[in-house]
Amino acid sequence: MRPLSIPLLALALAPLLAPAPAAAQVPSLRPEALAATPLGAVPAQATIPPAIPPRNFAQAPLRPLQDRTAAEPAATPAPAAPVPLRLEAGTGRLLTLPGAATTVIAADPRVARVQPSSPTSVFIMAVDNGRTTVVATNDVGRPVAEYDVTVYGGRVQGERGPGGERAAAPAARPLNPRQIESQIRSLMSGPGRVQVRAAGRALVLSGTVSTAAEARRIEAIARGMANADTEIVNEIGVLSAIQVNIRVRVAEISRDLTRQFGFNWAALGNPGNWAYGIASGAAAGPLNAVIGGAIGSGVAGASPQRLGLRFNDGTNDINGIIDALAADNLVSILAEPNLTAQSGEVASFLAGGEFPIPVAGSGADGNNSVTIEFKTFGVSLAFVPIVLGNDRLTLRVRPEVSELSEQGAISLPLAGGTIRIPALSVRRAETTIELGSGQSFAIAGLLQRNTAQLTEGVNGLTDIPVLGALFRSDRFQRRETELVIIVTPYLVQPVSNPTALAAPTDNFRPATSLERILMQRQVSAVPPGAPIPPGLGFRFE
């Protein structure tokens, strides 16, 4: 071991050989001294011992501050200038970011929209003409990338400036008919072919499609892809106008049930110079009519559902009528109107008649006058079809079945007589529905049930047990109605062969006299014709 030199040994032992610091003088803390000292105060003679510095044996020199700063990592550099990006309205582009981003913001979403697809990629969609900025930032808010996006080719030309104002419109892009034609073909929903060609500052659309709605949709697509100052010339033809046949079934069953049972009697007496009369039930009426001899005529004119009895001894005349009525009235109505119209057009149909209605008014000279108006009744149908495509259509339909009725009729007195105006019994529905060709829809229905019961008799006598039935009459009536309206539309086409359609008069031949007498036939038996292929014309199997 190499011996240490004297200077080095002295330097190492110097801290150990240094004199120790003087001990701190601690004042005496007698009780009387503590009592004289305020709470929290330190005695004046007390001194706080200095802190003992640590003993550094071989302390290395400190580095300067500028050296430490130079060793730290460098700050993040400022982001680069925005990347210019030019897009056509309605298109988009997928961009790869230089780093991972957590937030992507578009300054004006009316010009462009953003959709992050991964932390390092974003999809920018061009919406409308203008200019905007897209910024991507990381998790600490520092920008990762910035793009200056310019959109052209929208409906409204002109770019937005930094303040949102409209600047001068950019130069119109050259038209590309092939690109527009390819886009139209990819969006067509039916058969057909469309060609697009440029003619100066105009686009000419030609070809054929299946429906008029398809032609209008193609024109709208071309307008959206062309410049705002480009004229669209639509020369697209429609292969055949789509026609719609509607079949409406109005089915109704009405039943009236009537039950009536009762006793109707009348008595007439003429003893001496006096006359009296008593009547009950249907035979009751003014007393003078009974005394006048209407009793006998009432019995003689009794209807078949009544049983009449009479007793006459020369002085007293007694008539009795027993009502026993049982009536069932069943009415069935079936109307099936058919009507055909072109898509988007209004069609109406009426099978019935018109009846006159007098209407009071005033003439030119100020005098009262009566005019006649006519109101229709019968089976009517009106509808508007709109074909949507894929054999589906929207249908606005209004079927109606009406007939003359005495229920609710009125009588108007006029000079020289009275006019009887009948009422109308109407079944009507009006609605808008959507369905496919050949599908049926019940658009309306009704189930109605009315019950009425009437009891008549002599007050007090009808309450007598057993015998009270001789002085009262019961009438029970019930009416039931069930109605349904069913609509079935068909997409139809005209038939080239007229013989393929059948009429009600085809193969009709009236019966001969021999067939009517011996065979009780009204129509001769004729073999049916060949069946009609389904889907042709307006007859449906």
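The values are calculated or read from the model by the stated rules, or taken from the named source; none is laboratory data. These figures come from a predicted structure and were not determined experimentally. Note that each Cβ is placed from the backbone with ideal geometry, even for glycine, and that neighbours are counted across all protein chains shown.
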Pairs where the first residue, in the stretch 168-183, is assigned to a helix (DSSP H, G or I) and the second is modelled with pLDDT of 80 or more and charged (D, E, K, R), C-beta under 7 Å, 6+ apart: PRO177/ARG197
Pair list, Cβ under 9 Å, 6 or more apart: the stretch 338-359 residue more than 25 Å from ARG249 (Cβ to Cβ), other residue among the basic types (Lys, Arg): PHE355/LYS375; PRO356/LYS375; ILE357/LYS375
Boolean, PHE383 is aromatic (Phe, Trp, Tyr), under 24 Å from the mean Cα position of the chain (by Cα) and within 29 Å of LEU483 (Cα to Cα): yes
Residue match in the stretch 394-401 (condition: surrounded by 13 or more Cβ atoms within 10 Å (Cβ to Cβ) and among the acidic types (Asp, Glu)): yes
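What about LEU412, is it at pLDDT below 85 and under 30 Å from GLN477 (Cβ atoms)?
Values: at pLDDT below 85: yes; under 30 Å from GLN477 (Cβ atoms): yes.
Considered against the rule, which asks whether it is at pLDDT below 85 and under 30 Å from GLN477 (Cβ atoms), LEU412 comes out as yes.
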For ASN459: the one exception among (1) under 24 Å from VAL379 (Cα atoms); (2) not in a strand (DSSP E or B): (1)
Output for the stretch 200-218, where each listed residue is within 19 Å of GLY344 (Cα to Cα), surrounded by 14 or more Cβ atoms within 10 Å (Cβ to Cβ) and free of Cβ contacts under 8 Å to residues at least 40 places away in the same chain: VAL209, SER210, ALA215, ARG217, ILE218
Residue count for the stretch 415-441, restricted to those that are assigned to a strand (DSSP E or B) and surrounded by 11 or more Cβ atoms within 10 Å (Cβ to Cβ): 16
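Conditions tested, residue by residue: (1) part of a strand (DSSP E or B); (2) assigned by the TED database to the domain that holds ALA222; (3) buried (at least 16 other Cβ atoms within 10 Å of the Cβ); (4) within 43 Å of the chain's Cα centre (by Cα).
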residue	(1), (2), (3), (4)
GLY90	no, no, no, yes
GLY99	no, no, no, no
ASP108	no, no, yes, yes
SER117	yes, no, no, yes
ILE124	yes, no, yes, yes
ARG131	yes, no, yes, yes
ASP139	no, no, no, no
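Among GLN439, GLN453, GLN477, which is the only one that is in the same structural domain as ASN390 (by the TED database) and closer than 29 Å to SER343 by Cβ?
The match here is GLN439.
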Test for VAL523: is it among the aliphatic types (A, V, I, L, M), at pLDDT below 80 and out of contact with any Lys or Arg (no Cβ under 8 Å at 6 or more places or on another chain): no
Residue list for the stretch 236-254, restricted to those being in contact with a Leu (Cβ under 9 Å, 6 or more places away or on another chain) and within 19 Å of LEU187 (Cβ to Cβ): ILE236
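Condition check ((1) closer than 30 Å to VAL331 by Cα; (2) basic (Lys, Arg); (3) touching a residue at least 12 places away in the same chain (Cβ under 8 Å)) across all residues:
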| site | (1), (2), (3) |
| --- | --- |
| GLU403 | yes, no, yes |
| SER411 | yes, no, no |
| GLY416 | no, no, no |
| ALA442 | yes, no, yes |
| THR455 | yes, no, yes |
| SER473 | yes, no, yes |
| VAL495 | no, no, yes |
Residue in the stretch 333-341 that is more than 30 Å from GLN493 (Cα to Cα) and either surrounded by 13 or more Cβ atoms within 10 Å (Cβ to Cβ) or modelled with pLDDT under 75 (or both) present: yes
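Take the conditions of a type in the set (S, T, N, Q), more than 30 Å from PRO399 (Cα to Cα) and assigned to a strand (DSSP E or B) and apply them to GLN477. Does it pass? Break it down stepwise before answering.
Values: of a type in the set (S, T, N, Q): yes; more than 30 Å from PRO399 (Cα to Cα): yes; assigned to a strand (DSSP E or B): yes.
Answer is yes for this residue.
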Any hit, the stretch 361-370, residues being touching a residue at least 60 places away in the same chain (Cβ under 8 Å), surrounded by 11 or more Cβ atoms within 10 Å (Cβ to Cβ) and of a type in the set (A, V, I, L, M, F, W, C): no
Residue in the stretch 141-152 that is surrounded by the fewest Cβ atoms within 10 Å (Cβ to Cβ), counting only those that are at pLDDT below 90 and touching a Leu at 6+ places or on another chain (Cβ under 9 Å): THR150
Exclusive hit being touching a strand residue (DSSP E or B) at 6+ places or on another chain (Cβ under 7 Å), modelled with pLDDT under 80 and small (Gly, Ala, Ser), set ALA202, ALA212, ALA222: ALA212
